[in-house]
Amino acid sequence: MSLLKTVGLGMTYSGAPQPALTSVNFEANEGEFIAVVGPSGAGKSTFLRCLNQLITPTEGQLFFEGEETTHLKGEPLRHLRTRIGFIFQDYNLQGRLSVLQNVLTGLLGQRPALQTTLGIWSKKDVEKAHWLLRDLGLSDQSQKRADALSGGQQQRVSIARALIQSPRLILADEPVASLDPPTAHAVLKDLKRVAKEEGITVLINLHHIDLALEYADRILGLRDGVKVWDQPTSETSESSFTEIYGRNLKADDLAKE
Amino acid sequence: MRKHLPLLTFLGLFIWASLGTGVSLPKFVEGLGDMGRFVKEMFPADFSEVSAVWPDFVLTLRMAWVSTLVGALLAYPFALLAAGTTTTWKSINGLFRLLLNGVRTVPDLLLASLAVALFGANPSAGAVALTLFSMGIIGKLLFETLESIDQGPLEAMTALGAPWIARLRYGALPLALPQFLTYCLYVFEINIRVAAIVGLVGAGGIGVWMNINFDLGQYQKVAALLVTLFLVVTVIDAVSTRIRKALAQA
Amino acid sequence: MTKRSWWFWLVGLGATLWAARDMVPSTGEKGEEMANALFWGERGLFRPDWDLLSPVASGLTESLQIAIVGTTIAGLFALLLGMVAAENISTPALSIPTKALLSAIRTLPELLMAIIFIVGVGPGPFAGVLALGFHSIGTLGKLTAEILESLNTKPMEAVVAVGGRRVSIFRYAAWPQVLPEFLSVLLYRFEINIRAASILGMVGAGGIGKTLMFAINARSWDRVGTILVGIVVVVAVVDNISARVRAKLV
Ligand SMILES: Nc1ncnc2c1ncn2[C@@H]1O[C@H](COP(=O)(O)OP(=O)(O)O)[C@@H](O)[C@H]1O
Ligand SMILES: [Mg+2]
């Protein structure tokens, strides 16, 4: 069943001479793990950010769970966002707060503002946060300051923060680009495992093609803001990638262990 | 010619201002003798009454501390609303920036005079004036901090649908709060000096005694008050600087 | 929070409440009436007396002139003393006492200096210039020394490497680094001094402060209102221009 759909999605940054994204038609089904690939500047980040409207698209329509969400603003937009997790390349944790508190912030959109402002969390929420941290191998770290953790650990914390939202969809913008290759693999494995367990749809920007080939069910190829192809991973070939990168692949495009 | 325009403009301004203020080296040299005699008249300082007015020294310190703290508490909401990182509503930003800048344009003694007119010649008037004064300084410092904080956590809060107040509490405050005490101590140091002066317009504290002794021509007593104030300020500055350094390392 | 930090905050809060006990402002029984008279009344703050515009304008001009001359003179002395105080340029035998002198100058309040200078050169703007100039040397000298101490030595080495003389090292390697920072500090001080210059007149040292003092003593709030508007406008304009120039410098 379709969870997310875009129709003719386009984005032109104000003052930019040409669009960063041009009429993208795309559909994601429940439980899929989809990679978005393309060279730097292809529009991957723009695409992902349009989906939860961190950027407001300038053209086209967005649908989530079958309902149009294109023109949502204020409270309804906020509610939409509570059901979509977002994982950033640089984790975007609050370094001065504890790991546990960082995970709990995932619930800020879903619990009463007065309560969260006073720092009061229900026992059930705290238990869930602990459970997620344990599941991601971080049970010993929960009381440490988030900025005391390694990059891989911080990204796992941000995955836990997304998961505690109980999201239907997770958007991940180059989540492993700041990590070394073995850690990148470990983090992606974890992300894929929990997503499959919970039936969460994942859209993940990757610029290392080998990672996309290894983990994704389906790959979307972008180039200059245009969807070039959209195929199950098994159907992609060397030439698919030559098409979007405009050249033969180099070692740079791969993140080998 | 174009290259020298700023310099020429400045020279022109300087000459115009010098003529307007009647600056004259001979007059200054001529006056040195009088000034020397006047300063000499202040010494030896007469400390006989310092212990009697000691409570007013304490009052001056209390005034400075309470105003710093209340000013800081008021400054927080203002700065949060003025900074573009924490409040994305442009016209609100503009309004609160204007208010923060506006408060800082009013001289401290004028604020104190107005407070005396409204609340009478007592320490609460001084406290009100100093509170507004502190709010202006802390508000500006905090505003600048907030404008330059890491946007990442705030963006994450937006992405997960956190309401405005939660964004502030978890996205901005953890980054701005550690500076709270540092700013308070810094402004406290400034405030002690100002608190000593607002007494000149009747707003309480040790300045009241300086004013009285001055009018009575008791310059040696004025000197004693100044020396004591100097010692108090020096000790507090030293302690405060130490605490600030320790906070910066923590 | 740890147990210790709880205690810390609790004691701090208790001390603050104790300090604040007699600082709660109250307007008394006639509060509303007084506030009315002060703000909205016939002769209130919010009904500026525009007849006063021309004396206010000339008073403000004088304040501006005091700030310009005072800051400039202080800048010249600060440059000299700053060099003597900078550890990397001067020797410890000179640097340490100069730094002590600068910090002593900083602690003498402007208003006190104004009174002393009035004894020497008589009341009027010249005394104001001297007071502002003297006081500012303290801060400006310290900041100048700090600028010099943080000089990047690489460009100097380059000039030494091509066999340049000491003068050339200063002219081509040090000065280009120092000038913009020094000017920026000077402008910042000017922003502070324009505020100070607007109240110096309250003790007789020229500028708008004299008119202000008369208006306050006569409780002519409409006149105070006019002066307040004038000060706010001048200070805001000065801040704005100064901030623009400073942004261009760096
Ligand atoms: N905030 C912005 N303002 C203007 N142009 C932008 C902005 N962000 C991205 N762009 C432009 O949009 C295009 C797509 O960028 P992006 O989505 O970041 O690509 P990718 O994530 O694939 O590297 C690029 O040409 C980039 O320069
Ligand atoms: Mg990107």
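The values are calculated or read from the model by the stated rules, or taken from the named source; none is laboratory data. Predicted model only: the values in this text are computed from it and were never measured. Here Cβ is always computed from backbone atoms with ideal geometry, including for glycine, and neighbour counts include all displayed protein chains.
One table, with the values for the structure above:
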{"item": "Scan of region A:214-246 for residues that are of a type in the set (S, T, N, Q) and assigned to a loop (DSSP other than H, G, I, E, B), ordered by number", "result": "A:Thr236, A:Ser237"}
{"item": "Tally of residues being within 12 Å of ligand 1 (Cβ to nearest atom) and hydrophobic (A, V, I, L, M, F, W, C) across region A:25-49", "result": "5"}
{"item": "Residue satisfying all of: in region A:83-102; more than 15 Å from the chain's Cα centre (by Cα) and polar (S, T, N, Q); surrounded by the fewest Cβ atoms within 10 Å (Cβ to Cβ) among these", "result": "A:Ser98"}
{"item": "Residue in region B:148-157 that is among the small types (Gly, Ala, Ser), in a helix (DSSP H, G or I) and closer than 27 Å to C:Phe8 by Cβ present", "result": "no"}
{"item": "Helices (runs of 4 or more DSSP H) contained in region C:147-250 and holding at least 3 residues out of contact with any helix residue (DSSP H, G or I) (no Cβ under 9 Å at 6 or more places or on another chain)", "result": "C:221-249"}
{"item": "Test result for A:Arg134, more than 16 Å from ligand 2 (Cβ to nearest atom), under 22 Å from A:Lys44 (Cβ atoms) and more than 11 Å from every other protein chain (Cβ to nearest Cβ)", "result": "no"}
{"item": "Filter pass, B:Phe10 being more than 9 Å from chain C (Cβ to nearest Cβ), within 30 Å of the chain's Cα centre (by Cα) and under 30 Å from B:Arg104 (Cβ atoms)", "result": "no"}
{"item": "Among residues of region A:145-183, those that are within 14 Å of another protein chain (Cβ to nearest Cβ) and polar (S, T, N, Q), counted", "result": "6"}
{"item": "Inter-residue pairs, beta-carbon under 9 Å, first more than 18 Å from A:Asp210 (Cβ to Cβ) and in region A:38-49, second within 8 Å of ligand 2 (Cβ to nearest atom) and of a type outside the set (S, T, N, Q), 6+ apart", "result": "A:Ser45/A:Asp173; A:Ser45/A:Glu174; A:Leu48/A:Asp173; A:Arg49/A:Asp173"}
{"item": "Residue within region A:158-179 that is in contact with a strand residue (DSSP E or B) (Cβ under 7 Å, 6 or more places away or on another chain) and of a type in the set (Asp, Glu) present", "result": "yes"}
{"item": "Residues within region A:192-214 that are closer than 21 Å to A:Gly38 by Cα and out of contact with any Gly (no Cβ under 8 Å at 6 or more places or on another chain), tallied", "result": "13"}
{"item": "Options A:Leu4, A:Leu80: the member that is away from ligand 1 (no atom under 16 Å from the Cβ), surrounded by 16 or more Cβ atoms within 10 Å (Cβ to Cβ) and within 26 Å of A:Ile209 (Cβ to Cβ)", "result": "A:Leu4"}
{"item": "Cross-chain or 6+ apart pairs with Cβ under 7 Å, region B:79-106 first and away from every other protein chain (no Cβ under 14 Å) and modelled with pLDDT of 90 or more, then assigned to a loop (DSSP other than H, G, I, E, B) and surrounded by fewer than 20 Cβ atoms within 10 Å (Cβ to Cβ)", "result": "B:Leu81/B:Thr87; B:Asn93/B:Gly84; B:Asn93/B:Thr87"}
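Listed here are the residues, each with its yes/no results for (1) under 17 Å from A:Pro175 (Cβ atoms); (2) within 16 Å of ligand 2 (Cβ to nearest atom); (3) within 14 Å of another protein chain (Cβ to nearest Cβ).
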site: A:Ser14; (1), (2), (3): no, no, no
site: A:Val24; (1), (2), (3): no, yes, no
site: A:Glu27; (1), (2), (3): no, no, no
site: A:Phe33; (1), (2), (3): yes, no, no
site: A:Gly38; (1), (2), (3): yes, yes, no
site: A:Gln53; (1), (2), (3): no, no, yes
site: A:Phe63; (1), (2), (3): no, no, no
